[in-house]
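The values are calculated or read from the model by the stated rules, or taken from the named source; none is laboratory data. Worth saying up front: this structure is predicted, and the values here are computed from it rather than measured. Quick reminder, even Gly has a Cβ in these numbers, built from the backbone with ideal geometry, and neighbours come from all protein chains shown. Side chains included, ligands, DNA and RNA excluded: accessible areas come from the protein's heavy atoms. Shrake-Rupley method; radii C 1.70, N 1.55, O 1.52, S 1.80 Å.
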Number of protein chains: 2
Amino acid sequence: MSLKSKYNPTESELEILQLLWKNGPSTVRFINEKQNEVKAVGYTTTLKIMQIMAEKGTLDVNKESRQHIYTPALDEDETKGKLLDGFLKKTFSGSAMKMVMQALGNHKPSKEELDEIKNLIKEIENKSKK
Amino acid sequence: MSLKSKYNPTESELEILQLLWKNGPSTVRFINEKQNEVKAVGYTTTLKIMQIMAEKGTLDVNKESRQHIYTPALDEDETKGKLLDGFLKKTFSGSAMKMVMQALGNHKPSKEELDEIKNLIKEIENKSKK
DNA sequence: TTTAAAATACGAAATTAATCGTAGAAAAAT
DNA sequence: ATTTTTCTACGATTAATTTCGTATTTTAAA
(Lines give C-alpha, C1' and ligand atoms only; values in the text may rest on other atoms or scores of the structure.)
Protein backbone atom coordinates (compact mmCIF):
# COMPACT_ATOMS: atom_id res chain seq x y z
CA MET A 1 0.00 0.00 0.00
CA SER A 2 1.59 3.24 -1.12
CA LEU A 3 2.05 6.04 1.34
CA LYS A 4 1.63 8.77 -1.17
CA SER A 5 -1.33 7.83 -3.30
CA LYS A 6 -3.14 10.93 -4.40
CA TYR A 7 -6.85 10.59 -4.86
CA ASN A 8 -8.47 13.83 -5.68
CA PRO A 9 -11.81 13.22 -7.19
CA THR A 10 -13.24 16.65 -7.71
CA GLU A 11 -16.69 17.51 -6.50
CA SER A 12 -18.51 16.38 -9.61
CA GLU A 13 -16.30 13.38 -10.06
CA LEU A 14 -17.23 12.26 -6.59
CA GLU A 15 -20.87 12.79 -7.38
CA ILE A 16 -20.53 10.45 -10.31
CA LEU A 17 -18.55 7.91 -8.35
CA GLN A 18 -21.27 7.83 -5.73
CA LEU A 19 -23.90 7.11 -8.34
CA LEU A 20 -21.79 4.37 -9.85
CA TRP A 21 -21.08 2.77 -6.51
CA LYS A 22 -24.72 2.86 -5.68
CA ASN A 23 -26.13 1.69 -8.99
CA GLY A 24 -23.34 -0.35 -10.47
CA PRO A 25 -21.82 0.01 -13.94
CA SER A 26 -23.84 2.51 -15.93
CA THR A 27 -24.10 4.50 -19.10
CA VAL A 28 -23.59 8.22 -19.31
CA ARG A 29 -27.27 8.62 -20.00
CA PHE A 30 -28.25 6.85 -16.82
CA ILE A 31 -25.86 8.81 -14.65
CA ASN A 32 -26.96 12.04 -16.23
CA GLU A 33 -30.59 11.23 -15.53
CA LYS A 34 -29.79 10.48 -11.91
CA GLN A 35 -27.99 13.78 -11.61
CA ASN A 36 -30.96 15.56 -13.09
CA GLU A 37 -33.20 14.23 -10.39
CA VAL A 38 -31.33 16.62 -8.17
CA LYS A 39 -30.21 19.47 -10.40
CA ALA A 40 -29.96 20.39 -14.06
CA VAL A 41 -26.84 19.01 -15.71
CA GLY A 42 -26.30 18.93 -19.47
CA TYR A 43 -25.73 15.54 -21.01
CA THR A 44 -22.43 16.49 -22.56
CA THR A 45 -21.25 17.83 -19.24
CA THR A 46 -21.71 14.47 -17.63
CA LEU A 47 -20.17 12.79 -20.64
CA LYS A 48 -17.12 14.99 -20.58
CA ILE A 49 -16.43 14.47 -16.93
CA MET A 50 -16.83 10.74 -17.21
CA GLN A 51 -14.45 10.73 -20.15
CA ILE A 52 -11.92 12.69 -18.17
CA MET A 53 -12.28 10.29 -15.31
CA ALA A 54 -11.66 7.42 -17.68
CA GLU A 55 -8.52 9.15 -18.91
CA LYS A 56 -7.33 9.57 -15.36
CA GLY A 57 -8.06 5.95 -14.66
CA THR A 58 -10.77 6.69 -12.15
CA LEU A 59 -13.29 4.86 -14.28
CA ASP A 60 -13.05 1.84 -16.52
CA VAL A 61 -14.94 1.89 -19.78
CA ASN A 62 -16.35 -0.92 -21.78
CA LYS A 63 -16.72 0.25 -25.35
CA GLU A 64 -18.04 -2.93 -26.87
CA SER A 65 -21.50 -1.60 -27.49
CA ARG A 66 -22.17 1.90 -28.61
CA GLN A 67 -23.42 2.91 -25.25
CA HIS A 68 -20.22 2.81 -23.29
CA ILE A 69 -20.48 1.32 -19.86
CA TYR A 70 -18.54 2.94 -17.08
CA THR A 71 -17.37 1.20 -13.94
CA PRO A 72 -15.63 2.79 -10.98
CA ALA A 73 -11.98 1.76 -10.94
CA LEU A 74 -11.64 2.65 -7.28
CA ASP A 75 -12.72 0.74 -4.26
CA GLU A 76 -15.51 2.54 -2.47
CA ASP A 77 -14.34 2.09 1.10
CA GLU A 78 -10.74 2.77 0.33
CA THR A 79 -11.59 5.92 -1.55
CA LYS A 80 -13.90 7.19 1.13
CA GLY A 81 -11.25 6.41 3.68
CA LYS A 82 -8.76 8.56 1.87
CA LEU A 83 -11.23 11.35 1.42
CA LEU A 84 -11.98 11.18 5.08
CA ASP A 85 -8.31 11.37 5.93
CA GLY A 86 -7.91 14.42 3.75
CA PHE A 87 -10.90 16.10 5.25
CA LEU A 88 -9.70 15.26 8.71
CA LYS A 89 -6.35 16.83 8.10
CA LYS A 90 -7.80 19.98 6.63
CA THR A 91 -10.59 20.49 9.07
CA PHE A 92 -9.76 18.74 12.31
CA SER A 93 -5.98 18.84 12.25
CA GLY A 94 -5.98 15.15 11.56
CA SER A 95 -7.74 14.17 14.76
CA ALA A 96 -10.36 11.55 14.05
CA MET A 97 -11.49 11.85 17.61
CA LYS A 98 -12.24 15.51 17.40
CA MET A 99 -14.28 14.82 14.35
CA VAL A 100 -16.17 11.92 15.81
CA MET A 101 -16.95 14.11 18.77
CA GLN A 102 -18.19 16.84 16.56
CA ALA A 103 -20.25 14.37 14.56
CA LEU A 104 -21.82 12.80 17.58
CA GLY A 105 -22.36 16.16 19.17
CA ASN A 106 -23.96 17.64 16.11
CA HIS A 107 -26.00 14.81 15.01
CA LYS A 108 -27.96 13.51 17.92
CA PRO A 109 -27.71 9.88 16.94
CA SER A 110 -30.65 7.58 17.52
CA LYS A 111 -30.59 4.78 20.03
CA GLU A 112 -29.97 2.28 17.28
CA GLU A 113 -27.08 4.25 15.94
CA LEU A 114 -25.57 4.49 19.37
CA ASP A 115 -25.84 0.76 19.77
CA GLU A 116 -24.14 0.32 16.46
CA ILE A 117 -21.24 2.41 17.57
CA LYS A 118 -21.01 0.64 20.87
CA ASN A 119 -20.79 -2.67 19.08
CA LEU A 120 -18.09 -1.39 16.86
CA ILE A 121 -16.14 -0.19 19.85
CA LYS A 122 -16.41 -3.57 21.47
CA GLU A 123 -15.15 -5.17 18.31
CA ILE A 124 -12.18 -2.92 18.19
CA GLU A 125 -11.41 -3.51 21.84
CA ASN A 126 -11.59 -7.26 21.44
CA LYS A 127 -9.43 -7.22 18.40
CA SER A 128 -6.66 -5.29 20.09
CA LYS A 129 -6.92 -7.35 23.25
CA LYS A 130 -6.55 -10.76 21.62
CA MET B 1 -30.34 29.74 13.12
CA SER B 2 -30.86 29.82 9.38
CA LEU B 3 -31.47 26.62 7.50
CA LYS B 4 -29.73 27.70 4.38
CA SER B 5 -26.52 29.33 5.49
CA LYS B 6 -23.83 28.72 2.91
CA TYR B 7 -20.32 28.42 4.28
CA ASN B 8 -17.85 27.59 1.63
CA PRO B 9 -14.43 28.45 2.85
CA THR B 10 -12.10 27.29 0.13
CA GLU B 11 -9.08 25.21 0.90
CA SER B 12 -6.76 28.10 1.57
CA GLU B 13 -9.41 30.07 3.38
CA LEU B 14 -9.87 27.20 5.74
CA GLU B 15 -6.15 27.02 6.26
CA ILE B 16 -6.17 30.63 7.32
CA LEU B 17 -9.20 30.21 9.52
CA GLN B 18 -7.51 27.36 11.31
CA LEU B 19 -4.49 29.49 12.04
CA LEU B 20 -6.65 32.31 13.31
CA TRP B 21 -8.69 30.05 15.52
CA LYS B 22 -5.54 28.57 16.92
CA ASN B 23 -3.58 31.76 17.41
CA GLY B 24 -6.19 34.41 17.86
CA PRO B 25 -6.50 37.69 15.96
CA SER B 26 -3.45 38.15 13.78
CA THR B 27 -1.77 40.21 11.12
CA VAL B 28 -1.26 39.05 7.58
CA ARG B 29 2.44 38.84 8.26
CA PHE B 30 1.97 36.46 11.13
CA ILE B 31 -0.39 34.18 9.26
CA ASN B 32 1.88 34.18 6.26
CA GLU B 33 4.81 33.17 8.41
CA LYS B 34 2.85 30.34 9.93
CA GLN B 35 1.89 29.14 6.49
CA ASN B 36 5.51 29.24 5.45
CA GLU B 37 6.45 26.90 8.22
CA VAL B 38 4.65 24.31 6.15
CA LYS B 39 4.99 25.44 2.54
CA ALA B 40 6.05 28.44 0.50
CA VAL B 41 3.32 31.05 0.16
CA GLY B 42 3.92 34.57 -1.09
CA TYR B 43 3.02 37.36 1.26
CA THR B 44 0.68 39.02 -1.20
CA THR B 45 -1.07 35.73 -1.75
CA THR B 46 -1.95 35.48 1.89
CA LEU B 47 -2.88 39.14 1.93
CA LYS B 48 -5.17 38.80 -1.04
CA ILE B 49 -7.02 35.84 0.32
CA MET B 50 -7.49 37.45 3.69
CA GLN B 51 -8.82 40.57 2.00
CA ILE B 52 -11.26 38.49 0.03
CA MET B 53 -12.36 36.76 3.17
CA ALA B 54 -12.94 40.11 4.78
CA GLU B 55 -15.04 41.16 1.81
CA LYS B 56 -17.08 38.02 2.14
CA GLY B 57 -17.52 38.63 5.81
CA THR B 58 -15.58 35.57 6.84
CA LEU B 59 -13.06 37.74 8.67
CA ASP B 60 -13.38 40.96 10.58
CA VAL B 61 -10.68 43.55 10.14
CA ASN B 62 -9.47 46.15 12.50
CA LYS B 63 -7.78 48.88 10.48
CA GLU B 64 -6.92 51.22 13.26
CA SER B 65 -3.24 50.62 13.07
CA ARG B 66 -1.39 50.18 9.83
CA GLN B 67 -0.98 46.52 10.39
CA HIS B 68 -4.51 45.37 10.02
CA ILE B 69 -5.66 42.80 12.47
CA TYR B 70 -7.86 40.01 11.26
CA THR B 71 -10.30 38.07 13.38
CA PRO B 72 -12.41 35.12 12.31
CA ALA B 73 -16.02 36.15 12.03
CA LEU B 74 -17.18 32.57 12.27
CA ASP B 75 -17.47 30.34 15.25
CA GLU B 76 -15.02 27.48 15.08
CA ASP B 77 -17.29 24.66 16.18
CA GLU B 78 -20.22 25.85 14.17
CA THR B 79 -18.13 26.20 11.05
CA LYS B 80 -16.52 22.82 11.45
CA GLY B 81 -19.94 21.38 12.04
CA LYS B 82 -21.17 22.75 8.76
CA LEU B 83 -18.11 21.59 6.91
CA LEU B 84 -18.63 18.18 8.39
CA ASP B 85 -22.22 18.17 7.25
CA GLY B 86 -21.21 19.12 3.75
CA PHE B 87 -18.54 16.48 3.63
CA LEU B 88 -20.96 13.94 5.00
CA LYS B 89 -23.48 14.68 2.33
CA LYS B 90 -20.97 14.55 -0.46
CA THR B 91 -19.06 11.53 0.66
CA PHE B 92 -21.26 9.44 2.91
CA SER B 93 -24.69 10.27 1.61
CA GLY B 94 -25.30 12.21 4.77
CA SER B 95 -24.91 9.30 7.12
CA ALA B 96 -22.85 10.31 10.11
CA MET B 97 -22.86 6.74 11.23
CA LYS B 98 -21.27 5.41 8.10
CA MET B 99 -18.61 7.97 8.47
CA VAL B 100 -17.94 7.32 12.11
CA MET B 101 -17.67 3.67 11.25
CA GLN B 102 -15.22 4.41 8.54
CA ALA B 103 -13.24 6.67 10.83
CA LEU B 104 -13.08 4.19 13.65
CA GLY B 105 -12.33 1.39 11.25
CA ASN B 106 -9.56 3.28 9.53
CA HIS B 107 -7.97 4.88 12.39
CA LYS B 108 -7.54 2.28 15.16
CA PRO B 109 -8.24 4.53 18.10
CA SER B 110 -6.20 4.16 21.26
CA LYS B 111 -7.70 2.92 24.50
CA GLU B 112 -7.93 6.47 25.77
CA GLU B 113 -9.71 7.63 22.70
CA LEU B 114 -12.15 4.78 22.95
CA ASP B 115 -12.90 5.72 26.52
CA GLU B 116 -13.47 9.26 25.44
CA ILE B 117 -16.02 8.15 22.92
CA LYS B 118 -17.72 5.89 25.38
CA ASN B 119 -18.09 8.74 27.78
CA LEU B 120 -19.56 10.91 25.13
CA ILE B 121 -22.03 8.21 24.25
CA LYS B 122 -23.08 7.93 27.86
CA GLU B 123 -23.59 11.65 28.01
CA ILE B 124 -25.76 11.60 24.96
CA GLU B 125 -27.79 8.70 26.28
CA ASN B 126 -28.38 10.38 29.58
CA LYS B 127 -29.36 13.60 28.00
CA SER B 128 -31.97 12.01 25.77
CA LYS B 129 -33.26 9.80 28.56
CA LYS B 130 -34.12 12.51 31.07
C1' DT C 1 -34.08 4.57 -48.16
C1' DT C 2 -34.58 8.67 -45.93
C1' DT C 3 -35.19 10.87 -41.71
C1' DA C 4 -34.90 11.27 -36.93
C1' DA C 5 -32.90 10.11 -32.57
C1' DA C 6 -29.15 9.06 -29.60
C1' DA C 7 -24.26 8.44 -28.87
C1' DT C 8 -19.45 9.97 -28.59
C1' DA C 9 -15.57 13.20 -29.75
C1' DC C 10 -13.69 17.47 -29.42
C1' DG C 11 -12.82 22.06 -28.54
C1' DA C 12 -13.68 26.21 -26.48
C1' DA C 13 -15.92 29.39 -23.27
C1' DA C 14 -17.07 30.45 -18.50
C1' DT C 15 -16.12 30.02 -13.63
C1' DT C 16 -13.61 29.88 -9.68
C1' DA C 17 -9.52 29.77 -7.01
C1' DA C 18 -4.83 30.77 -6.20
C1' DT C 19 -0.66 33.20 -7.09
C1' DC C 20 2.04 36.92 -7.68
C1' DG C 21 4.00 41.49 -9.41
C1' DT C 22 3.99 46.26 -9.11
C1' DA C 23 2.76 50.67 -7.24
C1' DG C 24 2.22 53.72 -3.75
C1' DA C 25 1.63 55.05 1.17
C1' DA C 26 3.36 54.94 5.81
C1' DA C 27 6.75 53.97 9.21
C1' DA C 28 11.30 53.01 10.72
C1' DA C 29 16.18 53.22 10.29
C1' DT C 30 20.23 55.59 9.03
C1' DA D 1 16.23 64.47 5.51
C1' DT D 2 16.93 60.50 2.91
C1' DT D 3 16.75 55.85 2.31
C1' DT D 4 15.00 51.48 3.31
C1' DT D 5 11.62 48.55 4.96
C1' DT D 6 6.98 47.19 5.60
C1' DC D 7 2.51 47.60 4.64
C1' DT D 8 -1.96 47.61 1.72
C1' DA D 9 -4.29 48.12 -2.79
C1' DC D 10 -5.13 46.38 -7.04
C1' DG D 11 -4.87 44.12 -11.27
C1' DA D 12 -3.29 40.46 -14.14
C1' DT D 13 -2.03 35.78 -14.84
C1' DT D 14 -2.32 31.09 -14.31
C1' DA D 15 -4.49 26.83 -13.44
C1' DA D 16 -8.08 23.73 -12.62
C1' DT D 17 -12.79 22.59 -13.13
C1' DT D 18 -17.12 22.77 -15.07
C1' DT D 19 -20.12 23.59 -18.66
C1' DC D 20 -21.80 23.33 -23.06
C1' DG D 21 -22.08 23.80 -28.30
C1' DT D 22 -21.17 21.63 -32.58
C1' DA D 23 -19.73 17.92 -35.54
C1' DT D 24 -19.76 13.25 -36.57
C1' DT D 25 -21.14 8.54 -36.21
C1' DT D 26 -24.31 4.97 -35.36
C1' DT D 27 -28.70 3.08 -34.61
C1' DA D 28 -33.61 3.10 -34.91
C1' DA D 29 -37.92 4.64 -36.94
C1' DA D 30 -40.91 6.10 -40.54
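As an exercise: evaluate B:T79 against (1) surrounded by fewer than 18 Cβ atoms within 10 Å (Cβ to Cβ); (2) out of contact with any helix residue (DSSP H, G or I) (no Cβ under 6 Å at 6 or more places or on another chain); (3) in a helix (DSSP H, G or I) and give the number of the one condition it does not meet.
(1)
Can you give me the number of residues within the range B:63-80 that are within 9 Å of DNA strand D (Cβ to nearest atom) and charged (D, E, K, R)?
2
Please find, among A:K22, A:K34, the residue that is more than 16 Å from DNA strand C (Cβ to nearest atom) and either of a type in the set (K, R) or more than 14 Å from chain B (Cβ to nearest Cβ) (or both).
A:K22
Hey, any hits in the range A:73-81 for a residue that's in contact (Cβ under 8 Å) with a residue 12 or more places away in the chain, out of contact with any Ser or Thr (no Cβ under 8 Å at 6 or more places or on another chain), farther than 30 Å from A:E116 by Cβ and away from chain B (no Cβ under 14 Å)?
no
Just give me the residues in the range A:42-62 being away from DNA strand D (no atom under 11 Å from the Cβ) and more than 20 Å from the chain's Cα centre (by Cα), in sequence order.
A:N62
Residue by residue, here is whether (1) facing another protein chain (nearest Cβ under 8 Å); (2) in contact (Cβ under 8 Å) with a residue 60 or more places away in the chain; (3) open to solvent by 10 Å² or more (accessible area, probe 1.4 Å) holds:
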{"position": "B:L84", "(1), (2), (3)": "yes, no, no"}
{"position": "B:G94", "(1), (2), (3)": "no, no, yes"}
{"position": "B:A103", "(1), (2), (3)": "yes, no, no"}
{"position": "B:H107", "(1), (2), (3)": "yes, no, yes"}
{"position": "B:E116", "(1), (2), (3)": "yes, no, yes"}
{"position": "B:K122", "(1), (2), (3)": "no, no, yes"}
{"position": "B:E125", "(1), (2), (3)": "yes, no, yes"}
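Return a yes/no flag: does the range B:2-17 have any residue that is within 30 Å of A:K22 (Cβ to Cβ) and either basic (K, R) or touching a strand residue (DSSP E or B) at 6+ places or on another chain (Cβ under 8 Å) (or both).
Yes, the conditions are met somewhere in the range B:2-17.
Checking the condition of a type in the set (K, R), surrounded by fewer than 17 Cβ atoms within 10 Å (Cβ to Cβ) and within 15 Å of DNA strand D (Cβ to nearest atom), which residue from A:K39, A:K22 passes?
A:K39
Checking B:Y7 against (1) closer than 18 Å to A:T91 by Cβ; (2) part of a loop (DSSP other than H, G, I, E, B); (3) within 10 Å of DNA strand C (Cβ to nearest atom), which single condition isn't satisfied?
Only one criterion is unmet by B:Y7, namely (3).
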